[in-house]
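Inspection log for the structure reproduced underneath, given as structure tokens.
The values are calculated or read from the model by the stated rules, or taken from the named source; none is laboratory data. Given the structure is predicted, the values throughout are model-derived calculations rather than measurements. Quick reminder, even Gly has a Cβ in these numbers, built from the backbone with ideal geometry, and neighbours come from all protein chains shown. Accessible surface is based on the protein model in full, side chains and every heavy atom, while ligands, DNA and RNA are left aside. Shrake-Rupley method; radii C 1.70, N 1.55, O 1.52, S 1.80 Å.
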Amino acid sequence: MSGGPTVQITDSMDTVNEVNDENVEDIVDPWTVQSSNAKGVDYDKLIKRFGSSKIDESLLNRFEKIAASRGQKVHPFIKRGLFFSHRDLDHILSLHEQGKHFYLYTGRGPSSAAMHMGHLIPFMTTRYLQKLFDVPVVIQLTDDEKFLWKDLQLEECFGLSRENTKDIIACGFDPEKTFIFSDLSYIGSCKEFYWNMKRIEKLVTFNQVKGIFGFGDSDCIGKISFPAIQAAPSFSSSFPHIFNGRTDIPCLIPCAIDQDPYFRMTRDVAPRLHLSKPALMHSVFFPALQGAQTKMSASDPTSSVFLTDTLAQIKKKINKYAFSGGRDTIEEHRKYGGDCEVDVSFQYLQFFLDDDDELEQIRKDYSSGALLTGELKQKLIKILQELVGHHQAERAKVTEEVINYFWRTDKYACSEKYPPLPKGSDKKKKKKGTPKTKEATDEIGNLKVTRETT
Ligand code: TRP
């Protein structure tokens, strides 16, 4: 456990005494993901609870059009609904269609050197979006967060930021348009970032962060102000070396849905700072090997396929631990077929098997019993071995100089695209850029949060 508070966000219809299996809420917050259902978290319910929107057919069609116009395809993570929810993504697509600017922001809390497959999802997606839209990316490494939450020294957290940077670079980001930064290193060097933090801190009360994150009286004060640090990169003025002090470049954040509380808070303060609310794209969790009730966790080695695993370890882990939706005996399996909805190997294939037709054939054959669990696992092992092998080869190429290049804070060549606005012209523009969503002041207020007693 991270030692973070365990909060359960419930919707206002919930009545405390009516708890049975059907009604037990999934726990989803930045520290805990737990569902009592073998199929995993009920994501439709989560959209309602969090007040976000579904990435629906019409949005996918717009993505298709944009991708086609650039000779590309929609990434399987997006097309297959693994990014299932959003806030104002339609607005970002409109900006792109009108030839206007935006940038991408994502991040990682560097708590261990061993990253696993699940950690790759937001980075692979962000890299894809960077290529599709040709936009800058900022990647926050919250080593300060890990210092506060984990039993680690500052030096260790900072070292992990550098280690993890290698894995992030290995995903293929454009070195000319990507800024990877450690909070412990960058914030002290950038007045504009720090000033944005202060502006945010002034607008959020202790009561509100208690409500959103479940902080309590015995949490250290560092944790209480941390959300402002994760919020600050949502505003372009936090990166003067890329955006020349421009405050009006909108931001899109691809992340797993457990990070949404930070950005609900950010979206609540943005209009009060006369800034655009960041848009979001939320992904499902990458299931643990043992099943979709929880996500992969680096602290449980048997739950995860690590990016450092050998090919033999990958094979062994999938064969031994990947929860199977197959039947107990071959006879029964042939007769009744397997259950793709709970089968972890099938779910991983949904992430990493690119060929839609092949995936559909596997789904049919496994469900009918024509394909056995061992055969299904074999297909997955091959794909994961290729992916991890490729990742390891790319990571090995990342030298200290390459890390330094991605961490640099001198002017970016792409900053020419963002000429400073004439003084005073900011304000009107900012207002226009802010999408008129009804939840302007609602995003904190409408959440009822109960603390779990453990
Ligand atoms: N808090 C996140 C974690 O622990 C790291 C993070 C910082 C992040 N900024 C982000 C994740 C923006 C997604 C998007 O992993």
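Things worth noting here:
- Over the chain - Rg/Rh using Cα atoms and the Kirkwood inverse-distance radius: 0.96
- The chain: angle of helix 221-231 to the longest principal axis, Cα-based, in degrees nearest 10: 90 degrees
- Summing Lys and Arg as +1 and Asp and Glu as -1 over all other residues whose Cβ lies under 13 Å from the Cβ of Ile168 gives a net charge of +1.
- Spacing of the two label points (7 Å from each Cα toward its C-beta) at Gln361 and Trp195, in nm: 6.0 nm
- Accessible-area value, Cys190, 1.4 Å probe, nucleic acids and ligands omitted, Å²: 10 Å²
- Entries in Lys131/Lys377; Lys65/Lys100; Lys320/Lys397; Lys177/Lys277 that, when Cα-Cα distance is taken, lie over 28 Å: Lys131/Lys377; Lys320/Lys397
- Here each label is just a point 7 Å from Cα along the line to Cβ, and for Glu64 and Asp44 those points are 2.2 nm apart.
- Extension gain for Gln98 to Ala393 (0.36 nm times residue separation, less C-alpha to C-alpha distance): 102.3 nm.
- For the pair Phe206 and Ile383, label points projected 7 Å from Cα toward Cβ lie 5.0 nm apart.
- Rounded if a/c under 1.5, otherwise prolate or oblate - segment 154-195, Cα gyration tensor axes: oblate
- Cut-off of 10 Å, at most 14 other beta carbons, DSSP loop: longest stretch of the chain lacking such GluC sites (Glu not before Pro): 177-340
- Percent carbon-and-sulfur accessible area, the chain, ignoring ligands, DNA and RNA, probe 1.4 Å: 52 percent
- Rounded to 5, percent antiparallel among DSSP beta bridges of the chain: 45 percent
- Charge dipole magnitude, Cβ of K and R +1, D and E -1 - the chain, Cα centre, debye nearest 20: 1760 debye
- Length available on full extension from Glu163 to Val402: 0.36 nm per residue minus the Cα-Cα distance, which gives 84.8 nm.
- The calculated FRET efficiency for the pair Asp328 and Asp410, based on their C-beta separation and a Förster distance of 45 Å, comes to about 0.15.
- For the residue pairs Lys45/Lys316; Lys150/Lys417; Lys295/Lys379, alpha carbon separations beyond 29 Å are given by Lys45/Lys316; Lys150/Lys417.
- Straight-distance candidates among the aspartates and glutamates for linking to Lys411, with alpha-carbon spacing under 17 Å and chain neighbours fewer than 8 residues away dropped: Asp174, Glu176, Glu192.
- Here the calculated FRET efficiency for Lys417 and Gln72, from their Cβ-Cβ distance with R0 = 25 Å, stands at 0.75, rounded to the nearest 0.05.
- Additional length obtainable on full extension of the chain from Glu155 to Lys320, 0.36 nm per residue less Cα span: 55.7 nm
- For Met296, nonlocal amide neighbours, meaning residues 5 or more places apart or on other chains whose placed amide H falls under 5 Å from its own, are Phe286, Ala288.
- Based on protein heavy atoms only, segment 153-263 ends up with 34 Å² per residue of surface accessible to a 1.4 Å probe.
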